[in-house]
Amino acid sequence: MMGDGRIQLGVDRVLTDPSLLAGKRIGLVTNFTGVTGNLELSSRALLRAGVPIVALFSPEHGLRGTAQAGMSEASGDDEETGLPVVDTYRKSESDLDAAIAEHDLDVLVCDLQDIGARYYTYYATMLTCQRAAARAGVPFVVLDRPNPLGGTVVDGPGIRAGFESFIGPLSIPIRHGLTMGELARVGARLDSGAGIDVPQPTVIEMTGWERAMTWADTGLAWVPPSPNMPTPDTALAFVGTGPLEGTNLSEGRGTTRPFEIFGAPWLTADFADRLNAAGLPGVTFRTAWFTPTFSKHAGEVCCGAQLYVTDASRYPGLRVGIEILAAARESSQFAWLTPSHEEVGDRPPFIDLVWGSIDLRTLIDAGKTSALLEQLGEAATLRERDIELLSYQGKGQW
């Protein structure tokens, strides 16, 4: 279903009133998720409206979305618009600074669709571009979009010092409840508090969006934000099953239901029964066999489970992830993935970067899941931090 008029995206507001986006030479941070309510690429629609875009900046997965996780498309020219494309993924500060200077930008604008989980990289790309704009003295603008998981539920701990990364640049809950515009505001506030001079961005807010809305309530069509995020259900499941990426469990990449199907060649058919026995609200599991076509255990028959969210309002995402890991850890063949020293240097194991501390790994290993469940209450404390931003429906704090 395409936009039905209930929500006007930030980009659609600019198309209605191009004066909202002032500038003579504009760079647009975007990709295939940057579309209008009627599914036209934002870059093309804005150019047609007379917005002087001179360069496109693309994130992980590339401008067109052909690249898998951890990869991007090469810089070049965009076939749709003819504009030069700057690949920002894993680029250094000096690379981004040089790109802004090369294209002589006087405004940098972001239009990307996030999924609502801290360990997704699009908002990290936005923050690195926001810092680059600040270094260049260029205003930064966000064309806001809905958080697919809504804006009222938060879940999971923050990040401890030393565990910041590109999959966790801000110490916010894993399910953070923020839009991209709000994330940019929080990022600027925290950067400034850390001594990094980042002005508050301009956010072209949506109209008609309410914090309690999930994606189904928006009336907007779902554009898969990455190759393994095919549906809004995937995004909700990903809150809990995303940490499986840091283990030798298949998280379902190479299947038609990534992050909803998971398992390994050494799990047994009673795995789903063990998860159901935990009595988690809003979710149920069935035994599933599958053969991934790529990624972990490609070509091997795996046994595990498929996750079904039966009540999104009660779905305890991070608790689901903890129960899955605790059950899998009972097998002697379970392992945390630890990249080689050459790949990560002195960085912590990937799972620690996902969780934001060593606690998930060490407490699961010690069989102390109750201590992990207590950490989930930290989200409420984080929400009470003095992080000021102008939010929707007159909310003055996050």
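The values are calculated or read from the model by the stated rules, or taken from the named source; none is laboratory data. Model, not experiment: these values are computed from the prediction. Please note: Cβ atoms are built from the backbone with ideal geometry, for glycine as well, and neighbour counts cover all protein chains shown. Surface areas here come from the heavy atoms of the whole protein model, side chains and all, with no ligands, DNA or RNA. Shrake-Rupley method; radii C 1.70, N 1.55, O 1.52, S 1.80 Å.
Report, to the nearest 10°, how far helix 180-193 tilts away from the longest principal axis of the Cα atoms in the chain, using its own Cα long axis and a range of 0 to 90°. Approximately 90 degrees, to the nearest ten.
Length gained on full extension, Met71 to Arg6: 19.9 nm, using 0.36 nm per residue less the C-alpha separation. Taking every DSSP helix (H) stretch of at least 4 residues in the chain, weighting each as -39,500 (n - 2.57) and dividing the sum by the residue count yields a mean residue ellipticity at 222 nm of -8000 deg cm²/dmol.
The range 277-335: which GluC sites (Glu not before Pro) are DSSP loop and have at most 15 other beta-carbon atoms within 10 angstrom? Provide the component values of the computation, followed by the final result.
Values: sites: Glu300, Glu323, Glu330; in loops: Glu300, Glu330.
Loop-located and lightly packed - Glu300, Glu330.
Rolling a 1.4 Å probe across all protein chains gives Trp222 an accessible area of roughly 50 Å². Quick one: Cα centre-to-centre distance for the range 103-129 and the range 201-253, in angstrom? Here the answer is 16 Å between Cα centres.
Axis angle, to the nearest 10 degrees, between helix 232-241 and the longest C-alpha principal axis of the chain: 50 degrees. Note on the chain: with a GNM built from Cα contacts shorter than 10 Å, the maximum mean-square fluctuation among Leu337, Leu244, Leu63 falls on Leu337. Between helix 93-102 and the chain there is an angle of about 30 degrees, using the helix long axis and the longest principal axis of the Cα atoms. Per-residue surface analysis assigns Met213 an accessible area of about 30 Å², computed on protein heavy atoms at 1.4 Å probe radius. Principal axis extents of the Cα atoms in the chain, from largest to smallest and rounded to whole angstrom, are 61, 46, 40.
With all protein chains kept in place, the per residue accessible area of the range 247-299 amounts to 39 square angstrom at a probe of 1.4 angstrom. For the options Ile196, Ile159, Ile364, a Gaussian network treatment of the chain with springs between C-alpha atoms closer than 10 Å singles out Ile196 as fluctuating the most.
Antiparallel versus total DSSP beta bridges in the chain: what percent is that, nearest 5?
Values: 22 of 41 bridges.
Around 55 percent of the beta bridges assigned by DSSP in the chain are antiparallel ones.
Applying a DSSP loop filter and a limit of 10 other Cβ atoms within 10 Å to the GluC sites (Glu not before Pro) in the range 6-114 leaves Glu79.
When only Cα pairs under 8 Å and 6 or more residues apart are kept, what is the percent relative contact order across the range 80-183? Walk me through the numbers on the way to the answer.
Working: 147 pairs, mean separation 32.2, N = 104.
Rounded, it is 31 percent for the range 80-183.
A Gaussian network model of the chain, with springs between Cα atoms under 10 Å, assigns the largest mean-square fluctuation among Leu267, Leu178, Leu112 to Leu267.
Ordered by solvent-accessible area of protein heavy atoms (1.4 Å probe), largest first, the residues Leu149, Leu20, Leu363 come out as Leu20, Leu363, Leu149. Only loop residues by DSSP count here, and only those with at most 16 other Cβ atoms within 10 Å; note down the chymotrypsin sites (Phe, Trp or Tyr not before Pro) in the range 118-196 that meet that. Filter output for the range 118-196: Phe166. Taking all Cα pairs closer than 8 Å and separated by 6 or more residues, the relative contact order of the chain comes to 15 percent.
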